Structures are given as structure tokens and as C-alpha cells.
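The values are calculated or read from the model by the stated rules, or taken from the named source; none is laboratory data. Treat the numbers as computed from the prediction; the structure is a model and nothing was measured. Heads up, the Cβs are rebuilt from the backbone with ideal geometry, glycines too, and the neighbour counts pull from every protein chain shown. These area figures cover heavy atoms from the full protein model, side chains too; ligands, DNA and RNA do not enter into them. Shrake-Rupley method; radii C 1.70, N 1.55, O 1.52, S 1.80 Å.
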Amino acid sequence: MRTLARWARAEWGPLYATMRGPLLRRKWRAVPLALTAVGLTAALHVVHNQSWGYAFVQDVGAVRAADPLWLALLRTPLSLFVPALDLPVWGALAQILFVFGIAEICLGRWRTLALAYAATLAGTLYARVGIWLGPDSPLGLSPSDAHVVDTGPSAAVVGLAVFLGLRYGARVTAGAVIAAMVAEVLVKENLAGKEHLAAIAAMLVLCGIPAARRRRAREEV
């Protein structure tokens, strides 16, 4: 048990230390972005499931590779909050609250939002590249995937989780998330799984840029 406790402190200690103060002082007021994201996702889910609201949500927040690029980019901001209809919405809401909340406290509101959109956009753009590569390429997609709606909030959640893990030294956690997404693609190869990997790749690049700069600065000294 002591070994496990030491490992937990080493893995999640920096995250816990960063979050503890703001949560104790402000409680739910420390995560307004996360609460807004949960509320917007829940509202869009309810509207999406109504006969009168389905077409509206599709028109403003559903992104497909078959769409013109300008239209996909226009819909991307809201697509971040449109959950998949075939998955339990409560799981998505819990993930958004947990991951967005941690990111908001540790990284700040606007940086969290920027990273979430970067992860989502990486998946959206990958889908177009994958369609162009075709099913014969390891990184390619079937032409039918051009008409499948993008992942919604899950790519942002996965991307933020990996970024936080690497940024705050929770490397085992980040590795577990990456391994789970790779396993998802190996077990059930689909557009969502590959978009998750694209989001992870984008976060790895964003994490790697500051590290490369620091390494270069040390070499120049």
C-alpha cells in the first residue's frame, strides 16, 4: 500500500497540488468553463433527440469530411459540444466535467478552450486526409467515412487528458489513455478512433515544441 501511495503521489501529486487551492477557495466557481461545456452539451443532446431539433443541430454542429471545408470550419466550434447519439450522454458529460475542470484550473480557461479546439480540429482535418489516402493506406479511411459525423467532445477530452498528463508529469496516465485509444482502433477500426489518435498526435506536437525550445536553449548556453 505504501508503494502504491508513493506512486500515486508521484503520478498525480503535481496535479493535485495545483487544483487543491482553487477548489477549496472557490469550489464550483473555479470551473465555469467546464460547467458551461456540460450544460451546452446536455442542452444540445436534448435538442438533438427531438424531431424538431435534429435538423437544427445537424446544420449548426455536425461536421463530416464530405462537407465543404469552409462549412466544416464554421461548424467546428459548436461540434465540440455535440455528443454522439449512439453513446450514453451521461458518460460524455462526466468526462467533460472531469477533464475540462482539471484543465481549466491547471491551464486556464482560454488555454483549455484553445487546446480543446485544436484537438477537435486535428480530428476534423485528419478525416479529410484519411479519405484522400483511401482504405489501402494504414492511415487512410473508407470513402463511406466521409459521411460519418465527427467525434464531438470525445476528441477534445482525449487530447486534453494526454496534454495534462504530459504537462504535469502523469506520464503513466497519459500513456494509458494513448494505449486505450490505440487498442480502440485495433479492436474496432472506425473514424472516431482514428480521430482520437489525430487529437493525441496534435497534443504530442504541442507538448514537444516547448521541450524542444528548452533543449535548444540549454545547448546554446
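Against the chain, whose longest principal axis comes from its Cα atoms, helix 2-26 is set at around 80 degrees. Between the Cα long axis of helix 171-187 and the first principal axis of the chain there is an angle of about 20°, rounded to the nearest 10. The GNM of the chain, with springs linking C-alpha atoms under 10 angstrom apart, assigns the highest mean-square fluctuation among 72, 116, 176 to 176. First compute the accessible area of segment 135-221 with a 1.4 Å probe, then give the percent of it belonging to carbon and sulfur atoms. Answer for segment 135-221: carbon and sulfur cover 63 percent of the accessible area.
Computed about its Cα centre, the charge dipole of segment 1-140 is approximately 940 debye, with only Lys, Arg, Asp and Glu carrying charge at their Cβ.
Using Cα atoms only, what is the angle between the long axis of helix 153-167 and the major principal axis of the chain, expressed in degrees (0 to 90) to the nearest 10? Long axis of 153-167 versus the principal axis of the chain: about 20 degrees.
At a 1.4 Å probe, what is the % contribution of carbon and sulfur to the accessible area of segment 15-120?
Numbers: 3990 of 5760 Å².
Summing carbon and sulfur atoms, their accessible area is 69 percent of the total for segment 15-120.
Extension gain for the segment residue 2 to residue 186, taken as residue separation times 0.36 nm less the Cα-Cα distance, is 62.7 nm to one decimal. Scaled against the 2.2 N^0.38 Å expected of a compact globular protein of N residues, the Cα radius of gyration of segment 102-146 reads 1.60. Take the Cα of residue 114, step 7 Å toward its Cβ, do the same at residue 51, and the gap between the two points is 4.6 nm. Evaluated at q = 0.12, 0.14 Å⁻¹, the base-10 log of the normalised Debye intensity for the chain, with identical point scatterers placed on the Cα atoms, takes the values -0.69, -0.91.
The residues of the chain expose, per residue, 56 Å² of accessible area to a 1.4 Å probe. Across 201, 66, 55, mean-square fluctuation computed from a Gaussian network of the chain (C-alpha pairs under 10 Å connected) peaks at 55. Computed over the chain with a Gaussian network model linking Cα atoms closer than 10 Å, the most mobile of 84, 170, 179 is 179. Sorted largest first, the spans of the alpha carbon positions of segment 66-180 along the three principal axes are 39, 28, 26 Å.
Legend: P(r) of segment 25-88 from all alpha carbon pair distances, 10 Å bins from 0, whole percents, reading 21, 43, 26, 9, 1. With Rg and the Kirkwood Rh both taken from Cα atoms, where does Rg over Rh land for segment 159-201? My calculation of the ratio gives 1.01. Ordering 107, 71, 46 by Cα displacement along the dipole of the chain toward the positive end leaves 107 in first place; charges were set at the Cβ atoms of Lys, Arg (+1) and Asp, Glu (-1). Computed with a 1.4 Å probe on the full set of protein chains, the accessible area for residue 168 sits at about 30 Å². Measuring spread by the Cα atoms of segment 11-60 yields a radius of gyration and Dmax of 17.0, 48 Å.
With contacts taken as Cα pairs under 8 Å and at least 6 residues apart, the chain reaches a relative contact order of 22 percent.
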